[in-house]
Amino acid sequence: MKKAALGGLVLALGLAFAAVPANTLLYMQSADIPTLDPGATYDTASGALVENIYETLVTYKGKSVSELQPLLATSWTISGDGKTYTFTLRKGVTFHSGNPFTCEDAEYTFRRNLVTNSPESGNWFLAESLLGTSANAEDDPSITWDRIAKAVRCDKEGRLVFTLPKPDPAFLAKLAFAGQSIVDKKWAVSLGEWDGTEKTWKSWVGKDLTDSELSKKPSGTGAYQLARRDANTVVLTAFPKYWGGKPKIENVIFQIVKEQATRIEALKKGDADAVETGPRPVLAQLQGVPGLKIMDDIPNNTATAIFMNQKIGNPEYLGSGKLDGKGIPANFFADINVRKAFNYSFDYDRYIKEVLQGKGVKRTMLLPETFFGYDPTIPTYTYDPQKATAYFKKAFGGKLWETGFVLKATYRAGSQAAQTAMEILKANVEKLNPKFRVELVAKPWSDLLKESRTGGVPMIIIGWAPDYADPDNFLYTFYHSQGYYHPRSNCSDPILDQLLDQARQTTDREKRKVLYRQVGLRAYEVACYINVPAGLGFIVYNEKLKGVEENFNPMFSNYFGTYFRNLSK
Amino acid sequence: MLAFIVRRLLALPLVLLALSLAIVGLLQFLTPEQRAVAFVQNEQQLRNLDKVIREKGLDQPFWVQYSNWLKEALRGNLGFSKASNKSVVETIKERFPATLELALFASVPIIVIGIWLGTLAALRKDSWLDQLARVFVVVAYNVPTFVMGILLLVVFYGFLGLAPGPGQLSPENQIALILNPVPRRTGMLSVDALLAGNWPVFLDVLRHLILPVITLTTVSSATLLKVTRSSMLEVLSQDYIRTARAKGLPDRVVNLKHARRNALLPVITLASFTVMGLLSGAVITETIFAYPGIGSWGAQAATLFDVPGIMGFAILTAIVTVVVNLATDILYALVDPRVRYD
């Protein structure tokens, strides 16, 4: 008897381990999932689940990043002056809690986002459109309840009306962001979240919703509802009352597995349908593994640049601070000849070959090529030592070529790509003149961010990932003198400012397209940045999984680039 | 003995106070910006760094920051841990049982192999068993945990398919738990599943424990084995052992009662360190096998400068240390009647 029991245990322990069931999607990632409350969602790990639990008013049309289609809204109208948006909402939609979806929920959601607008969230860009400022009421006392209530309200017909202080062509795209998903008002209030009234709004200003009660017990209208969550696992199940019909994948498991080797093994064994694979060199381990499908050449929707700061704030980086061959003056990059010389010194093709392993795109402007407004016909700089020499000789009236310089360039410690890019630039610049020296400084992320945001650093390499699919999110950020990256580059050009302002004021796509082409041409002319080529992406997944290639859209936060309801096995 | 235990436990709050002061003090060497970056996940959020600093009071003087923390801590609120995106208390409640579970399952083989094999190796010095034990010690002692863990994973999971993948449960049981949840009584999934009579989940958790336990056992039992063996060898050469044998006592009594009991004192000290280490979380093993314990959380809190997280982790570790030390002292008294605390 004892032997039999022991044998049974051994058998039970030693059974073959089945792969992921056909009705289940299993994904392993290294990142933790900070929140399941849309009001605090501003990272891809949270977004990947939030976009499947909740729904936004509009979403991306298929694989396009420039066209939108209705989701929880069925249609919308925009007033002639571009300031009023009226959304007709979908009928017969139920939240996971069982509550019906009404305009009141949508109104509550956007008001809640405007009221809280916490520093951790992405609600600043909603506030920018609806209140004319990215701040919350704590930082900008001019924000009153009246302004918030007027900005978003339900009309008598149960339609949702947004009233903007001025036109914003990016407004619709902002509504497709997972952080603007509609929450269940009744449910949220019953959990102790903000009650949606004027009486209490002040006490919710700036509140961090990351660990809110709604995050713990979410209720959305999405095709999946939260079933279980523990320290390393999130399990979602299909919502039987989903308005769009029951999805084929019934269970979704997200497992946090920090160790890359473990994730790769699980993928190879079929114990995961997909995993966070890490950078391109990993692909070699996965090519030819039976049962896996590789989707390569996925467009990159981020933009990376080498910044040339025209007003260097931190004297520590300047060496002598003069043009004497022992340092650089604070306005070193203010001379356009220096910037052009650096642009001609970067070997774009070598970067694509060595860092991106041949899978890269040279960009004409700091905007992903999939975005509306990108113009491939704009000229670009190429690696040309002769032209670089000529511009260096012209710089500072010829003095720079005689004295030489010592430049300190920084990059994020541990980033192989950034380091190699800087090394390529350093080698090429130093080759031109023995008096030229570029010193590379690796900095931890926190230090790099801290120093660069105050404009202290002469040269850094950083990128930008989109908040919403509108060219303004990239071009204004990089090129406008009020843009987010301005303090790091101090690139101020009145023509660029004017073009970007004009593009913000019109909702006419054709007009905007022309304006953005002009932005591209002018940006080439003023050469504020070195446009770093963009690496193409890839994903690897279980070949039984269908619906990825047909639907993949890089604006989605999740690995599969589409709603889980579009997938099947 | 009771007075001794009470005295030791009374000292605990003082230890915790000193520890928390030291941590808050040390963290002051980092600028508010460096600590605020813990709350930033992307470039965009950085625009609000000043707001984060203000809201979290990171620019307040040391004493203000400390007294704020202490006031809340005394009310049972240890703050919000950015590393787990949960309150510290909730994180500990959720993760410590998993660590405890892993430690319980691992300490048995570690101690048994360490002490049993160590004793045997000493008794049969220079035999093949002794040689084997010595080779095991050299290999296990010199192979880092992450190499051992990944090696076991690649061979037994990846190549041979004899062990399950990462985490605590296979996908089918993850789903089964939705329909048939296991009530959380102890927080240790294996124990809770057993109490609920849910055999598939219980066996699945056991299966998932195999590789982490083997990893920890290999790495941790080597030192214990080595110390037991040398301590036994030393005791076995003592005069009183010879006398005992001369008196005609059976080998078993001499070896186990006279020799091993005396040889155990240094072994207990070492074993207590091992248990302490296991209870503070096996960072690398937890990371490789995606085990949701406190070790991986503590490590993440440290890299993020997550002050409440670091503090909570340190306090938990301090409590574990005090309790295990106390247990060790009691064990000394039990093993060696000469040890008296009164």
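The values are calculated or read from the model by the stated rules, or taken from the named source; none is laboratory data. Remember, it's a predicted structure, so these values are computed and weren't measured experimentally. Neighbour counts are summed over all protein chains in view; Cβ atoms, including those assigned to glycine, are modelled from backbone coordinates with ideal geometry. Just the protein is used for accessible areas: all its heavy atoms, side chains included, with ligands, DNA and RNA removed. Shrake-Rupley method; radii C 1.70, N 1.55, O 1.52, S 1.80 Å.
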Inset, instruction - Identify the single condition in (1) within 26 Å of the chain's Cα centre (by Cα); (2) within 23 Å of A:Thr56 (Cα to Cα) that A:Ala137 does not satisfy, given that it satisfies every other one. - result: (2)
Inset, instruction - For segment A:163-173, indicate whether the set of residues that are closer than 25 Å to A:Lys61 by Cα, without any contact (Cβ under 8 Å) to a residue 40 or more places away in the chain and surrounded by 22 or more Cβ atoms within 10 Å (Cβ to Cβ) is non-empty. - result: no
Legend entry - Any chance A:Leu89 is touching a Lys or Arg at 6+ places or on another chain (Cβ under 8 Å), among the aliphatic types (A, V, I, L, M) and open to solvent by less than 10 Å² (accessible area, probe 1.4 Å): no
Inset, instruction - Determine if segment A:438-449 includes at least one residue that is within 14 Å of chain B (Cβ to nearest Cβ) and either hydroxyl-bearing (Ser, Thr, Tyr) or under 30 Å from A:Leu175 (Cβ atoms) (or both). - result: yes
Legend entry - Filtered residue count, segment A:540-562, keeping only those that are of a type in the set (Val, Ile, Thr) and either without any contact (Cβ under 8 Å) to a residue 40 or more places away in the chain or open to solvent by 10 Å² or more (accessible area, probe 1.4 Å) (or both): 1
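Got a sec? Which of B:Pro212, B:Pro200 is over 30 Å from B:Leu132 (Cα atoms), within 14 Å of chain A (Cβ to nearest Cβ) and at pLDDT 90 or above?
On the way: B:Pro212 fails: over 30 Å from B:Leu132 (Cα atoms).
B:Pro200 is the lone residue from the list that is over 30 Å from B:Leu132 (Cα atoms), within 14 Å of chain A (Cβ to nearest Cβ) and at pLDDT 90 or above.
This table checks each residue for (1) part of a helix (DSSP H, G or I); (2) open to solvent by 20 Å² or more (accessible area, probe 1.4 Å); (3) within 14 Å of another protein chain (Cβ to nearest Cβ); (4) over 23 Å from B:Leu278 (Cβ atoms).
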site: B:Asp59; (1), (2), (3), (4): no, yes, yes, yes
site: B:Trp63; (1), (2), (3), (4): yes, yes, no, yes
site: B:Asp126; (1), (2), (3), (4): no, yes, no, yes
site: B:Leu129; (1), (2), (3), (4): yes, yes, no, yes
site: B:Arg134; (1), (2), (3), (4): yes, yes, no, yes
site: B:Phe146; (1), (2), (3), (4): yes, yes, yes, no
Inset, instruction - Would you please name the residue that is farthest from A:Val234 (Cα to Cα), looking only at residues in segment B:169-197 that are without any contact (Cβ under 8 Å) to a residue 40 or more places away in the chain, at the interface with chain A (Cβ under 10 Å from one of its Cβ atoms) and of a type in the set (A, V, I, L, M, F, W, C)? - result: B:Leu179
Inset, instruction - For residues that are without any contact (Cβ under 8 Å) to a residue 60 or more places away in the chain and within 12 Å of chain A (Cβ to nearest Cβ), scanning just segment B:69-101, find the one that is nearest to B:Pro308 (Cα to Cα). - result: B:Ser87
Inset, instruction - Please specify each residue of segment B:294-342 satisfying the condition of being surrounded by fewer than 18 Cβ atoms within 10 Å (Cβ to Cβ) and assigned to a loop (DSSP other than H, G, I, E, B). - result: B:Asp336, B:Pro337, B:Arg338, B:Val339, B:Arg340, B:Tyr341, B:Asp342
Inset, instruction - Would you check if there is a residue in segment B:137-158 being modelled with pLDDT of 90 or more, among the polar types (S, T, N, Q) and closer than 26 Å to A:Asp230 by Cβ? - result: no
Inset, instruction - Looking for whichever is open to solvent by less than 60 Å² (accessible area, probe 1.4 Å), under 21 Å from the mean Cα position of the chain (by Cα) and at pLDDT 95 or above here; the options are A:Tyr529, A:Tyr524. Which one fits? - result: A:Tyr529
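Do we have any residue at all in segment B:273-293 that's among the hydroxyl-bearing types (Ser, Thr, Tyr), part of a helix (DSSP H, G or I), surrounded by 19 or more Cβ atoms within 10 Å (Cβ to Cβ) and within 14 Å of another protein chain (Cβ to nearest Cβ)?
yes
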Legend entry - Residue check, A:Glu423 open to solvent by 40 Å² or more (accessible area, probe 1.4 Å), under 21 Å from the mean Cα position of the chain (by Cα) and within 16 Å of A:Asn531 (Cα to Cα): no
Legend entry - Test set (1) within 11 Å of another protein chain (Cβ to nearest Cβ); (2) more than 30 Å from B:Asp50 (Cβ to Cβ); (3) open to solvent by 50 Å² or more (accessible area, probe 1.4 Å) - A:Thr237 fails condition number: (3)
Inset, instruction - Would you confirm whether any residue within segment A:437-445 is open to solvent by less than 10 Å² (accessible area, probe 1.4 Å) and either closer than 25 Å to A:Phe346 by Cα or at pLDDT below 95 (or both)? - result: yes
Inset, instruction - Filter the strands (runs of 3 or more DSSP E) completely within segment A:212-301 down to those with at least 1 residues that are of a type in the set (Val, Ile, Thr) and farther than 19 Å from B:Leu177 by Cα. - result: A:292-298
Inset, instruction - Can you work out which of the residues in segment B:25-42 that are assigned to a helix (DSSP H, G or I) and at pLDDT 80 or above is farthest from the other protein chains (Cβ to nearest Cβ)? - result: B:Gly25
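Could you grab me the full set of residues in segment A:180-203 that are in contact with a Ser or Thr (Cβ under 7 Å, 6 or more places away or on another chain) and open to solvent by 40 Å² or more (accessible area, probe 1.4 Å)?
Residues of segment A:180-203 in contact with a Ser or Thr (Cβ under 7 Å, 6 or more places away or on another chain): A:180-184, A:187, A:193-194.
The answer is A:Trp187, and nothing else.
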Inset, instruction - Within segment A:204-234, track down each residue that is open to solvent by 10 Å² or more (accessible area, probe 1.4 Å) and of a type in the set (Phe, Trp, Tyr). - result: A:Trp204
Inset, instruction - Kindly indicate the residue of segment A:154-204 that is touching a helix residue (DSSP H, G or I) at 6+ places or on another chain (Cβ under 7 Å) and of a type in the set (Lys, Arg) and also farthest from A:Asn136 (Cα to Cα) among those meeting that condition. - result: A:Arg159
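Given the condition touching a residue at least 24 places away in the same chain (Cβ under 8 Å), in a strand (DSSP E or B), within 23 Å of the chain's Cα centre (by Cα) and more than 30 Å from A:Thr507 (Cα to Cα), answer yes or no: does some residue in segment A:355-371 qualify? Lay out the reasoning, then the answer.
Looking only at segment A:355-371, we keep the residues that are touching a residue at least 24 places away in the same chain (Cβ under 8 Å), and these are A:355-357, A:359-371.
From what's left, in a strand (DSSP E or B): A:360-361.
Pick out the ones that are also within 23 Å of the chain's Cα centre (by Cα) and you get A:360-361.
Those still in the list that are more than 30 Å from A:Thr507 (Cα to Cα) too: A:360.
Checked against the condition, which is being touching a residue at least 24 places away in the same chain (Cβ under 8 Å), in a strand (DSSP E or B), within 23 Å of the chain's Cα centre (by Cα) and more than 30 Å from A:Thr507 (Cα to Cα), segment A:355-371 yields at least one hit.
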Inset, instruction - Check B:Pro166 against each of (1) at the interface with chain A (Cβ under 8 Å from one of its Cβ atoms); (2) within 26 Å of the chain's Cα centre (by Cα); (3) open to solvent by 60 Å² or more (accessible area, probe 1.4 Å) and name the one condition it does not meet. - result: (3)
Inset, instruction - Report whether or not A:Asn99 is within 29 Å of the chain's Cα centre (by Cα) and of a type outside the set (Val, Ile, Thr). - result: no
Inset, instruction - Name the residue, out of A:Lys246, A:Lys217, A:Lys199, that is under 15 Å from A:Thr94 (Cβ atoms) and more than 10 Å from chain B (Cβ to nearest Cβ). - result: A:Lys246
Inset, instruction - Could you identify the single residue in A:Ala388, A:Ala418, A:Ala395 that is within 14 Å of chain B (Cβ to nearest Cβ), in contact (Cβ under 8 Å) with a residue 12 or more places away in the chain and assigned to a helix (DSSP H, G or I)? - result: A:Ala418
Inset, instruction - Tally the residues that are open to solvent by less than 10 Å² (accessible area, probe 1.4 Å), in contact with a Lys or Arg (Cβ under 6 Å, 6 or more places away or on another chain) and part of a strand (DSSP E or B), restricting the search to segment A:23-75. - result: 1
